[in-house]
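Below you'll find the structure, written out as structure tokens, and then a few comments.
Nothing in this text is a laboratory measurement; each read-out follows from the coordinates by a stated rule. What you see is a predicted model; the values in this text were computed from it and never measured.
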Amino acid sequence: QVELVESGGGLVQPGGSLRLSCVASGIFFRRYLMAWYRQAPGKQRELVASIDSGGNTNYDDSAKGRFTVSRDNAKSTMYLRMSSLKPEDTAVYFCNGQSVLNNYWGQGTQVTVSS
């Protein structure tokens, strides 16, 4: 059974930081393209950052310079370090894992940036 489980979300003040984690099970993690998406109320789900099996990263313009995606293949875990958070970063953040044949999603973790 495949599971992607996110954690680390919460309420944070503008300018603050959070680290999200995504623990995968049931997949050959090191071969998967892993990504973080987010969905704000009334908006479409959008890509935030991705990291491939070689460790190459890609960021949405809104995340560049503020967010860092990383992975630990030994722990089957992906991280998203978010800093200088803004109210517009408020969303449910989803973990995604893709291979040639499969596409898996986690249940999401809520991030709320508010004073």
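Of all alpha-carbon pairs in segment 66-115, indicate the percentage at a distance above 14 angstrom.
Counting every Cα pair in segment 66-115, those more than 14 Å apart make up 63 percent.
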Legend entry - From phi via Karplus (6.51, -1.76, 1.60), per-residue ³J(HN,Hα) for segment 21-33 in Hz, x at Gly/Pro: 10, 9, 9, 9, 9, x, 10, 7, 3, 5, 9, 9, 6
Legend entry - segment 32-115: Cα Rg divided by the 2.2 N^0.38 Å rule of thumb: 1.07
Legend entry - 5 angstrom amide H check on S62, placed H, neighbours 5+ away: none
Legend entry - lysines with Cα under 18 Å of K64, excluding same-chain neighbours fewer than 8 positions away: K86
Legend entry - Equivalent ellipsoid, segment 1-62 (semi-axes from 5 times Cα gyration tensor eigenvalues, Å): 23, 15, 13
